[in-house]
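The values are calculated or read from the model by the stated rules, or taken from the named source; none is laboratory data. Owing to the predicted nature of the structure, the values given are computational and were not obtained by experimental measurement. Counting neighbours? That spans all protein chains shown, and the Cβs are built from the backbone with ideal geometry, glycine included.
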Amino acid sequence: MRINKIFLRCLALILLGLLVYGQTFRFGFVFDDNLFIVANPFIKNFSNFHMMWHTFPLTRLVGMYSFALNYYFNQLDARGYHIFNFIVHLIATGLVWALADLLFKITARTVIPAQAGIHKDLPFIIALLFLVHPCQTQAVTYITQRFESMAAVFYFGTIYFYLRARLSTVKTHQMALFGLAGLATILGVLTKEVIMTVPVMVLACEWILLNTVIPAKAGIHNKHYLTILAAGFLLCLLFSKMLHLQLVDFSKTIPSESHDGDVFTTAHYVLTQMRVFLTFLRLLVLPIHQNVDYDYPASTGFLHPPLTLAGLGVILGFIFLIIKLRRSFPLIAFGLAWMLITFSVNLVPRFNVIFEHKLYLISFGFILAFVSALSVLVWKKPGHIDFLGIQKVNVSRFFLYCLVFVLAFMSFQRNKVWANELALWENNIKESPGKARVNASLGRVYGSLGRLDASIYYLSRAIAISPNNITYENRGIIYGQQGRTAQALEDLNKSIAMDPNYFSTYVKRAWVYQTQHNYKEALDDLGRAIALEPQFEDAYMERGMLWMQAGRAQEALKDFQQVLSIDPLNPEAARDIKLCRLANGRHQ
């Protein structure tokens, strides 16, 4: 009977997940998918895999290899990538269910018998809420952010196997489970940096759950704590080595990509994260006005703006509640600790202060604390009957299931934003109208759809807010499509002056030279692009076509063959190689 119930609940998770995310299988690539997938030469040929170790952060390798696997089977058909992301989300949801069930079993002796009816359902309800919460959509529907969801899978796996190992009484089982926890940690290290908080989470498990709820079983000694701390120190050293990080320099400044014109010091960045924590909390409670690319000004003091101090107050309040509740209500305390610990990795300065996909892992702690608190609040004496003769426990269960379906509907609606780049950026311009990157992205999309005047308008707005080489490059291409070659070359020259090592702009300028029949300059620019990035297949394709037009089929053949060495599945290169051989008289 229990197996049948578990099977039916698994089926329910899959079906509900398909209802929410099934529409995304027909969506295309958006935003950074172009960088990591569409224009990434290293995932297109197994012989190039080793180059990813030198091109991308080592903490992204597992995700990058998953893109290569998708490309091998799906090429640039986005459906396979979306299905992969959905499967990862289902696995994460399953681990949330298993971990929540284990946590409730650990704290079973603190559960009042009258609560047992609802407690049997709570781990499954937590999994449902995790599955359908709208804050998960960016980590699931946005293909590139499988980094976040895959890292979460390894994070959940690490904590689950660690707790199972600590509770096991069989030595061989302990060793196997600790081994699985270690393997999950290693895979997490090669997926995303958030895994670096695992040692702190293990300490929270020991302090809140094992030592408080089952002290006789825990048997933890100072030596055990020192072992965990040493493992955490080694993990931090590993990340420092992999990411080439230095010790925190509080005088160092970095430009903000979350608000144009801002420059962060480390102190200002950490202060800004106090407000980010409030924003995350608001999104978890009320997931409306979601945003792909926030326009988020920096905090320059505790009262500039005042919400900075409020955010710090909330964080300190969470710490107080964790200490106060850990003995009486350990699951609430652990949920709050989970939120703070998984959020803490955001205190390391970076260019963007906020992205919603970072809520994917944090949300488990919030859902665990919320559901656990609700189960405590609805408890009354055994057999107590509430309004209209309905037990309060059943009312609570009904409320939670209704909440699941409300959130599922909101996620279904939110996913429509990710249908294509036009829908994405037209939605985002409403939330961040004054941000250069949003205007530039919308202008680029309009240009790709042939809406050239609208494209020029938004690209010009972006340049007025914060000019950069890529926006000049994109506007130069639009000018070229309008036949305004002088303005096109002016923008492309500005782009190259701002970043002479950005290879893509040379290919765009070569295209403009071709429209002017200035083939020598076009060939020179394509040669520069190839010298800067030998794996840039577009440059070889463009130069091959130029050689063909010049009647130099042998040179063209070499360039098209180079494209195939980068991407063996490129159909255009295969076709052009046949044309070159025909031109050379090699009909067979």
All helices (runs of 4 or more DSSP H) inside region 1-103 with 2 or more residues being at pLDDT 95 or above, out of contact with any Ser or Thr (no Cβ under 8 Å at 6 or more places or on another chain) and not basic (Lys, Arg): 2-21
Selection within region 314-354 - out of contact with any helix residue (DSSP H, G or I) (no Cβ under 7 Å at 6 or more places or on another chain) and part of a loop (DSSP other than H, G, I, E, B): Ser328, Val348, Arg350, Phe351, Asn352
Subset of region 547-572 that is among the hydrophobic types (A, V, I, L, M, F, W, C) and more than 29 Å from Asp77 (Cα to Cα) - its residue that is surrounded by the fewest Cβ atoms within 10 Å (Cβ to Cβ): Ala550
Among (1) more than 28 Å from Tyr457 (Cα to Cα); (2) modelled with pLDDT of 80 or more; (3) not in a helix (DSSP H, G or I), the one test that Gly483 misses: (1)
Residues within region 471-488 that are buried (at least 18 other Cβ atoms within 10 Å of the Cβ) and under 19 Å from Tyr513 (Cα atoms), tallied: 10
Of all residues in region 527-546 being under 34 Å from the mean Cα position of the chain (by Cα) and of a type in the set (A, V, I, L, M, F, W, C), the one that is surrounded by the most Cβ atoms within 10 Å (Cβ to Cβ): Ala539
Selected residue (criterion: modelled with the lowest pLDDT) from residues of region 235-292 that are of a type in the set (Val, Ile, Thr) and assigned to a helix (DSSP H, G or I): Thr266
Residue among Ser448, Ser432, Ser460, Ser441 that alone is within 27 Å of the chain's Cα centre (by Cα) and surrounded by fewer than 19 Cβ atoms within 10 Å (Cβ to Cβ): Ser448
Options Thr505, Thr471: the member that is farther than 19 Å from Leu526 by Cβ and either assigned to a helix (DSSP H, G or I) or among the hydroxyl-bearing types (Ser, Thr, Tyr) (or both): Thr471
